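The values are calculated or read from the model by the stated rules, or taken from the named source; none is laboratory data. Since this is a predicted model, take the numbers as computed values, not measurements. Glycine also receives a Cβ, built like all others from the backbone with ideal geometry; neighbour counts cover every protein chain displayed.
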């Protein structure tokens, strides 16, 4: 019945800062398919899933912290080369939590975006 997750929407407060993080630092491909909504945002294609960034000052989904806590709410992205990701994060001086021997059996790397949205990368 289900085909997969189409997109994840994330609240952000500064679209330009967020676009730099998702586009330049993480290297996500920005989608040109985003309609001309009456609010700022951006869409990124990550495999068959999209990440939708939305500026919404009345939103309630911001974590309110930049702490990288792997048990807090997050979404996960599978990567082909976790060492390449770690190298990129270090180049851009992005703080991350590295869990190479996670009980899941995956090598996990957690980061916080400029608004505290938590992302897990795994392989």
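When the stretch 99-123 is filtered for residues that are touching a strand residue (DSSP E or B) at 6+ places or on another chain (Cβ under 9 Å) and farther than 16 Å from residue 66 by Cα, the ones remaining, listed by number, are 99, 100, 102, 104, 106, 107, 108, 121, 122, 123. Which one of these does residue 4 not meet: (1) closer than 20 Å to residue 122 by Cα; (2) at pLDDT below 95; (3) under 14 Å from the mean Cα position of the chain (by Cα)? Looking at each condition in turn, residue 4 falls short on (3). Annotation: residue 54 fulfils all but one of (1) part of a loop (DSSP other than H, G, I, E, B); (2) closer than 13 Å to residue 115 by Cβ; the unmet one is (1). At least 3 residues being surrounded by fewer than 18 Cβ atoms within 10 Å (Cβ to Cβ) is the threshold, and among the strands (runs of 3 or more DSSP E) wholly inside the stretch 60-123 those reaching it are 75-78, 96-99.
Table: residues versus (1) in contact with a strand residue (DSSP E or B) (Cβ under 6 Å, 6 or more places away or on another chain); (2) closer than 27 Å to residue 103 by Cβ; (3) surrounded by fewer than 15 Cβ atoms within 10 Å (Cβ to Cβ).
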residue: 13; (1), (2), (3): no, no, yes
residue: 21; (1), (2), (3): no, no, no
residue: 28; (1), (2), (3): yes, no, no
residue: 38; (1), (2), (3): no, no, yes
residue: 45; (1), (2), (3): yes, no, no
residue: 52; (1), (2), (3): yes, no, no
